[in-house]
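Trainee: A single structure is presented below for examination.
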Amino acid sequence: MKFAIVSKGDERSNKIQATMKQHLIDFDLEYDETTPDLVISVGGDGTFLEAFHQYIHCLSRTSFIGVHTGHLGFYADWTPEEVEKLIIEIAKTPFQVVEYPILEVTIRDQDGGEENRFLALNEATIKTAEGSVVFDVEIKGSHFETFRGDGLCIATPSGSTAYNKALGGGIIHPSLEAIQLTEIASINNRVFRTIGSPLILPKHHTCMLKPIGQKKTFLIAVDHFTKNYSNVKSIQCRVAKERVRFARFRPFPFWDRVRDSFVADDDV
Ligand code: NAP
Ligand code: MN
């Protein structure tokens, strides 16, 4: 089996990276950063997001696992103290794989020329650097509302505990193949009206955002990466056909992770 390790880059994470790499090589596993079967992220959830995007071209063959060197993470849920145990578990391959749904975002420009397709592990947000965004929101081909406000967030189930949660979105179990739309400060008055509550869309219920008015430049964030897009005609969001694979060596149920991260103050 081939593996790679992505480190947050701080001293503690680099040390764990070096230890794991050496031990796994001693167990006859092959270190390979180009086509790994297993990617180990050492750092936080942010590091895990980076690892995911670094290996996005081989999601169907690569599984991920995360060790946290800060607080407990949603993706990085192994502690530095458990690393030795984890090394032995990895060396005993094959491992169990759990798959979670991810989000597909397609940005099309006015001239029908360019089409940018992205996959998000947490979410995509659409904002503007100036004033508010105005766009028609279509769901499954039907006009749903005209949104005006700071922006919209479209989250995956595993990303529902991140930005989505701060926006008042619900926490969705990742066994549900869905995406969630939450509003970022919508303007509601006699002229503009939006639903106001988060919407949860199942697989195949595509959501399309179509800018109206003069403003066609948007700040679009896909997980931790933000870029400006001008001349935007539409932004399409749906559950991706691709999925993210997690290597599972012990049960740590999603709701236990939610509890340990947000409710219980021990074990963090
Ligand atoms: P960051 O500013 O360090 O991330 C913000 C926090 O979100 C960090 O504590 C991060 O954990 C945590 N996080 C990331 N994914 C999570 C998940 N699926 N469930 C629960 N918490 C999660 O930036 P970053 O580390 O590059 O992460 C990017 C993410 O930040 C975005 O995808 C977005 O979800 C989130 N974000 C949140 C807000 C907000 O809540 N108002 C605003 C902007 C962005 P670690 O410390 O372990 O990295
Ligand atoms: Mn972070």
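Trainee: Take E145 and decide whether it is within 23 Å of Q54 (Cβ to Cβ) and acidic (D, E).
Mentor: no
Trainee: Further question: Considering every residue within segment 120-128, establish whether at least one is within 16 Å of ligand 2 (Cβ to nearest atom) and assigned to a loop (DSSP other than H, G, I, E, B).
Mentor: Checked segment 120-128: at least one residue is within 16 Å of ligand 2 (Cβ to nearest atom) and assigned to a loop (DSSP other than H, G, I, E, B).
Trainee: Give the residues of segment 155-173 that are small (G, A, S), surrounded by 19 or more Cβ atoms within 10 Å (Cβ to Cβ) and within 9 Å of ligand 1 (Cβ to nearest atom), sorted by residue number.
Mentor: Of everything in segment 155-173, those that are small (G, A, S), surrounded by 19 or more Cβ atoms within 10 Å (Cβ to Cβ) and within 9 Å of ligand 1 (Cβ to nearest atom) turn out to be A155, S158, G159, S160, A162.
Trainee: Going by the conditions given, is H53 more than 16 Å from the chain's Cα centre (by Cα) and within 16 Å of ligand 1 (Cβ to nearest atom)?
Mentor: When the stated conditions are applied, H53 does not pass them.
Trainee: Pairs, please: C-beta under 6 Å, at least 6 apart or cross-chain, first residue near ligand 2 (Cβ under 9 Å from one of its atoms) and in segment 41-69, second in a helix (DSSP H, G or I) and among the hydroxyl-bearing types (S, T, Y)?
Mentor: Between residues of segment 41-69 that are near ligand 2 (Cβ under 9 Å from one of its atoms) and residues that are in a helix (DSSP H, G or I) and among the hydroxyl-bearing types (S, T, Y), the close pairs are G43/S13.
Trainee: For segment 171-185, how many residues meet the condition of being part of a loop (DSSP other than H, G, I, E, B) and among the hydrophobic types (A, V, I, L, M, F, W, C)? Full working, then the answer.
Mentor: Within segment 171-185, the subset part of a loop (DSSP other than H, G, I, E, B) is 171-177.
Subsequent filtering for residues that are among the hydrophobic types (A, V, I, L, M, F, W, C) retains 171-172, 176.
Selection size over segment 171-185: 3.
Trainee: So how many residues does segment 26-45 have that are surrounded by 17 or more Cβ atoms within 10 Å (Cβ to Cβ) and either β-branched (V, I, T) or within 16 Å of ligand 1 (Cβ to nearest atom) (or both)?
Mentor: Matching residues across segment 26-45 total 7.
Trainee: Which condition breaks for S132 when tested against (1) among the small types (G, A, S); (2) over 24 Å from K241 (Cα atoms); (3) crowded, with 24+ Cβ neighbours inside 10 Å?
Mentor: Of (1) among the small types (G, A, S); (2) over 24 Å from K241 (Cα atoms); (3) crowded, with 24+ Cβ neighbours inside 10 Å, only one is false for S132: (3).
Trainee: Would you be able to say whether some residue in segment 80-97 is exposed (fewer than 15 other Cβ atoms within 10 Å of the Cβ), of a type outside the set (V, I, T) and part of a strand (DSSP E or B)?
Mentor: Looking for residues that are exposed (fewer than 15 other Cβ atoms within 10 Å of the Cβ), of a type outside the set (V, I, T) and part of a strand (DSSP E or B), one finds at least one in segment 80-97, hence yes.
Trainee: Checking S186 against (1) at pLDDT below 95; (2) among the polar types (S, T, N, Q); (3) surrounded by 15 or more Cβ atoms within 10 Å (Cβ to Cβ), which test does it fail?
Mentor: The failed condition is (1).
Trainee: Being under 19 Å from G196 (Cβ atoms) and either within 16 Å of ligand 2 (Cβ to nearest atom) or among the aromatic types (F, W, Y) (or both) is the filter here, so list the residues in segment 129-163 that pass it.
Mentor: Of everything in segment 129-163, those that are under 19 Å from G196 (Cβ atoms) and either within 16 Å of ligand 2 (Cβ to nearest atom) or among the aromatic types (F, W, Y) (or both) turn out to be F135, F144, F147, Y163.
Trainee: Could you list, in sequence order, the residues of segment 186-219 that are closer than 16 Å to E123 by Cβ, part of a loop (DSSP other than H, G, I, E, B) and aromatic (F, W, Y)?
Mentor: Scanning segment 186-219 gives no hits.
Trainee: Please go through segment 70-79 and pick out each residue that is among the hydrophobic types (A, V, I, L, M, F, W, C), free of Cβ contacts under 8 Å to residues at least 60 places away in the same chain and either more than 8 Å from ligand 1 (Cβ to nearest atom) or assigned to a helix (DSSP H, G or I) (or both).
Mentor: Passing the criteria: only W78.
Trainee: Now a separate question. Out of all the residues in segment 1-40, which are within 16 Å of ligand 2 (Cβ to nearest atom) and of a type in the set (S, T, Y)? Lay out the reasoning, then the answer.
Mentor: Residues of segment 1-40 within 16 Å of ligand 2 (Cβ to nearest atom): 6-10, 12-13.
S7, S13, listed by residue number.
The values are calculated or read from the model by the stated rules, or taken from the named source; none is laboratory data. All figures in this text were calculated on a predicted structure; none of them were measured in a lab. Virtual Cβ from ideal backbone geometry, glycine too; neighbours counted across all protein chains shown.
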